[in-house]
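J.: Next up is a structure, given as structure tokens.
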Amino acid sequence: MRRGSRVSVGLFVLAAAVIPASASAQFVYVGGGANIPVSDFKDYAKTGWMAQAGIGYMIPSVKGLMVSAEGFYGSNKHTDVTGDKTNLLSGMVTLGYELMPDKKVSPYILGGAGFQSHKFVPATGASETSTKFGYNGGAGILFSINQTVGFWIEGRFLGSKDSKMIPVMAGFSFNFAKNKM
């Protein structure tokens, strides 16, 4: 593992420790949607798909503030060679803030860092993988269905040196805490 990769993984593990071991995760979420390549990545990659899952914890001292550990997995076919594709795997620690946490509909903003792995899978031959420091930022809207279940829709910028994209996703969150997410 290269030094940059070790640093990214170390940051991810350290930041994940922010979620106290004595308190289980307050919420989990899953979702998916489109993965739109940007920058150099769009020169050869088509719009693909992306899935996301995470666990999170609301920071009790600041209403609306949350920290989560999340993973992304997606794939983009290439435009230049039939059968070539890029698979993406990412692990991030993200800090988010709900702007109206007491409302049924609450916009939120978020940003985080971790690692992002870019695996080129050619139609023929051996694949190549590179793992780099990754980062993300975005905004979304959480619709509280009830005290336990929420529906969210969001757009993000997700990137690393090798691949930058805009995932547009929707999904569900499940709250295990006594109060609203």
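J.: Fewest first, what order do Leu95, Leu158 take by the number of other Cβ atoms within 10 Å?
T.: Working: Leu95 16, Leu158 25.
Going from sparsest to densest Cβ surroundings: Leu95, Leu158.
J.: Straight-line reach from Lys119: which lysines have a Cα under 16 Å away, not including same-chain ones fewer than 8 places off?
T.: Cross-link targets: Lys42, Lys46, Lys77, Lys85, Lys132, Lys161, Lys164.
J.: FRET efficiency for Thr79 and Ile141, Cβ-Cβ distance as r, R0 = 35 Å, nearest 0.05? Walk me through the numbers before you get to the answer.
T.: Details: r = 32 Å, r/R0 = 0.92.
So, using R0 = 35 Å, E works out to roughly 0.60.
J.: Would you calculate the separation in nanometres between label points at Val105 and Ser61, each defined as 7 Å from the Cα along the Cα-to-beta-carbon direction?
T.: My value for the distance between the label points is 3.4 nm.
J.: Please say if region 3-175 is rounded, prolate or oblate, where rounded means a/c under 1.5 for a ≥ b ≥ c the square roots of the C-alpha gyration tensor eigenvalues, and otherwise the choice is prolate for a/b larger than b/c and oblate otherwise?
T.: Working: a/c = 2.48, a/b = 1.64, b/c = 1.52.
Because a/c hits 1.5 or more and a/b exceeds b/c, region 3-175 counts as prolate.
J.: Follow-up. Could you order peptides 36-43, 66-73 by the average number of other Cβ atoms within 10 Å of their residues, highest first? Could you put the intermediate results ahead of the total?
T.: Values: 36-43: 15.4, 66-73: 20.2.
The peptides rank, most packed first, as 66-73, 36-43.
J.: A further question on this structure: Students often get this wrong: which residues of region 144-173 have the backbone nitrogen under 17 Å from the point 7 angstrom along Cα-to-C-beta of Ala53?
T.: Within reach of a label on Ala53: 170-173.
J.: Phe174 to Asn87: FRET efficiency via 1/(1 + (r/R0)^6), r the Cβ-Cβ distance, R0 35 Å, to the nearest 0.05? Kindly include the intermediate steps, with their values, before the conclusion.
T.: Working: r = 27 Å, r/R0 = 0.78.
After rounding to 0.05, the efficiency reads 0.80.
J.: Please list, ordered by chain and number, the residues whose modelled amide H lies under 5 Å from the amide H of Trp49; skip anything fewer than 5 residues away on the same chain.
T.: Here Asn35, Ser75 satisfy the definition.
J.: Give me the number: length gained by fully extending Val30 to Ile153, i.e. 0.36 nm times residue separation minus the C-alpha to C-alpha distance, one decimal in nm.
T.: Values: separation 123, 0.36 × 123 = 44.28 nm, distance 1.12 nm.
Full extension of this stretch gives 43.2 nm more.
Computed from the coordinates by the stated procedures, all read-outs in this text should not be read as laboratory data. The shown structure was predicted, so the numbers you read here are calculated from the model rather than taken from an experiment. In this analysis, Cβ positions are derived from the backbone assuming ideal geometry, glycine residues included, and neighbour counts consider all displayed protein chains.
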